[in-house]
């Protein structure tokens, strides 16, 4: 059975690595944050490999920030300007973070007993 991983574009993957480097993270630290090897990070930076959604989930979990907030920061870094709260990207990312927080805070549904 073939498993499909949800792949992030190589361009975005490379940009994420560059952003983390701009924050002062070393290649070794980035590898640890992503749960990959340093050579893999180098390949991502050179757009020869791409990150997966699992890598991004691990990254934001280890950084301790919501995924939407991470992407807002990434966009601001790329653009060199703070985004306004009315910006569609900001509104969508903040809504996604609120929805994610609500799902995580919701009590688990009890399992049904087999009849």
When you go through 51, 59 one by one, which is the residue that is in contact with a strand residue (DSSP E or B) (Cβ under 8 Å, 6 or more places away or on another chain) and either surrounded by 12 or more Cβ atoms within 10 Å (Cβ to Cβ) or under 29 Å from residue 101 (Cβ atoms) (or both)? 51
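Conditions (1) under 21 Å from residue 17 (Cα atoms); (2) out of contact with any strand residue (DSSP E or B) (no Cβ under 6 Å at 6 or more places or on another chain); (3) loosely packed, with under 13 Cβ neighbours inside 10 Å; (4) not assigned by TED's automatic domain parsing to the domain that holds residue 24, marked per residue:
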| position | (1), (2), (3), (4) |
| --- | --- |
| 71 | yes, yes, no, yes |
| 74 | yes, yes, no, yes |
| 78 | yes, yes, yes, yes |
| 82 | yes, yes, yes, yes |
| 86 | no, yes, yes, yes |
| 92 | no, yes, no, yes |
| 96 | no, yes, no, yes |
| 100 | no, yes, no, yes |
Segment 1-22, subset assigned to a loop (DSSP other than H, G, I, E, B) and either modelled with pLDDT of 90 or more or out of contact with any helix residue (DSSP H, G or I) (no Cβ under 9 Å at 6 or more places or on another chain) (or both), residue surrounded by the most Cβ atoms within 10 Å (Cβ to Cβ): 9
For segment 59-90, which positions are under 17 Å from the mean Cα position of the chain (by Cα) and farther than 22 Å from residue 30 by Cα? 89, 90
Residue among 31, 86 that alone is assigned to a loop (DSSP other than H, G, I, E, B) and either farther than 18 Å from residue 6 by Cβ or at pLDDT below 95 (or both): 86
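The values are calculated or read from the model by the stated rules, or taken from the named source; none is laboratory data. Just so you know, these numbers come straight off a predicted model, no measurement behind them. Methodologically, a virtual Cβ is constructed for each residue, glycine included, from the backbone with ideal geometry; neighbour enumeration extends over all protein chains shown.
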